[in-house]
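S.K.: First, the structure itself, so that you have it in front of you.
The values are calculated or read from the model by the stated rules, or taken from the named source; none is laboratory data. Fair warning: this is a prediction, and the values are worked out from it, not measured in the lab. Glycine gets a Cβ as well: all are built from the backbone with ideal geometry, and neighbour counts include every protein chain shown. Calculation scope for accessible area: heavy atoms of the full protein, side chains included, ligands and nucleic acids excluded. Shrake-Rupley method; radii C 1.70, N 1.55, O 1.52, S 1.80 Å.
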Amino acid sequence: MKLRGLYAITDSQLLAGRFLSYVEAALEGGVTLLQYRDKSQDEARRLREAETLMKLCERYRTQLVINDDAELAARLGVGVHLGQTDGPLTPARTLLGRNAIIGATCHAQLELAEQAAREGASYVAFGRFFNSVTKPGAPACDLALLQQARARIKLPIAVIGGITLDNAAPLVAHGADLLAVIHGLFGADSTAEVTRRARAFNALFASA
């Protein structure tokens, strides 16, 4: 399975009142990986939403990963994305099995990515590359780091942080496999615009 293309990440506040319609619009435009990201403590709602997304992803042949919750991922038989505060990846790999997608947040540090690779990550994520609404305080990355990562790490590389259609092309040109996007995809005023943006993000890979 090739992890390359648009990596859509949900945001419960941004998508309030239009969650499923906007996610489906993105899937319609083509999404390689969809991350369900919900920081609330409402476990019943999170399970319900994650189950609904899983069914949608199956229909569009998109891989689903759950942010920060390996137990929920195991319950649904999907992948997980873990941050640096979520502990080592090894227990998640044991829990989810060897075929599950497990992603790791590596901020702006190659060492963290190399460690994640050793612990069984499926992909590593660097960011933020631009000013990010979701993570304004995250340390900044640059294209030089991306090039170094491409040379040293044999896993797919996801990039995140303020990515839009206006600034994404250089990231793909410098070796990014996955463009992780929240506001640049879902901060649109219609489902048609979400689909258009998804297609445009994917077109960047076709020309790379």
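S.K.: Tell me yes or no: at least one residue of region 142-151 is of a type in the set (K, R) and more than 16 Å from G29 (Cβ to Cβ).
M.R.: yes
S.K.: Further question on the same structure: Could you run through region 1-20 and say how many residues are aliphatic (A, V, I, L, M), more than 16 Å from D189 (Cα to Cα) and in a loop (DSSP other than H, G, I, E, B)?
M.R.: 2
S.K.: Might you check whether a residue that is among the hydroxyl-bearing types (S, T, Y), open to solvent by 20 Å² or more (accessible area, probe 1.4 Å) and at pLDDT below 95 occurs anywhere in region 72-88?
M.R.: Yes, there is a match, as at least one residue in region 72-88 is among the hydroxyl-bearing types (S, T, Y), open to solvent by 20 Å² or more (accessible area, probe 1.4 Å) and at pLDDT below 95.
S.K.: Among all residue pairs at least 6 apart or on different chains, which show Cβ distances below 9 Å where the first residue, located in region 29-55, is acidic (D, E) and the second is part of a helix (DSSP H, G or I) and surrounded by 11 or more Cβ atoms within 10 Å (Cβ to Cβ)?
M.R.: The qualifying pairs are D38/R45; D38/R46; D38/E49; D38/A50; E43/L72; E49/F19; E49/L20; E51/L76.
S.K.: Which of the residues spanning region 1-24 are more than 25 Å from Y123 (Cα to Cα), of a type in the set (A, V, I, L, M) and open to solvent by 10 Å² or more (accessible area, probe 1.4 Å)?
M.R.: Correct list: L14, A16, L20.
Yes or no, residue by residue, for (1) part of a helix (DSSP H, G or I); (2) over 21 Å from T32 (Cβ atoms); (3) under 15 Å from the mean Cα position of the chain (by Cα); (4) among the hydroxyl-bearing types (S, T, Y):
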{"site": "E58", "(1), (2), (3), (4)": "yes, no, no, no"}
{"site": "I66", "(1), (2), (3), (4)": "no, no, yes, no"}
{"site": "E71", "(1), (2), (3), (4)": "yes, yes, no, no"}
{"site": "A74", "(1), (2), (3), (4)": "yes, yes, no, no"}
{"site": "V80", "(1), (2), (3), (4)": "no, no, yes, no"}
{"site": "T85", "(1), (2), (3), (4)": "yes, yes, no, yes"}
{"site": "P91", "(1), (2), (3), (4)": "yes, yes, no, no"}
{"site": "L95", "(1), (2), (3), (4)": "yes, yes, no, no"}
{"site": "R98", "(1), (2), (3), (4)": "no, no, no, no"}
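S.K.: A follow-up question, please. Answer yes or no: is there a residue in region 127-136 that is charged (D, E, K, R) and within 15 Å of the chain's Cα centre (by Cα).
M.R.: yes
S.K.: Something else about it: Is there a residue being part of a helix (DSSP H, G or I) and of a type in the set (A, V, I, L, M) anywhere in region 30-43?
M.R.: Within region 30-43 (the criterion being part of a helix (DSSP H, G or I) and of a type in the set (A, V, I, L, M)), the answer is no, since none of the residues qualifies.
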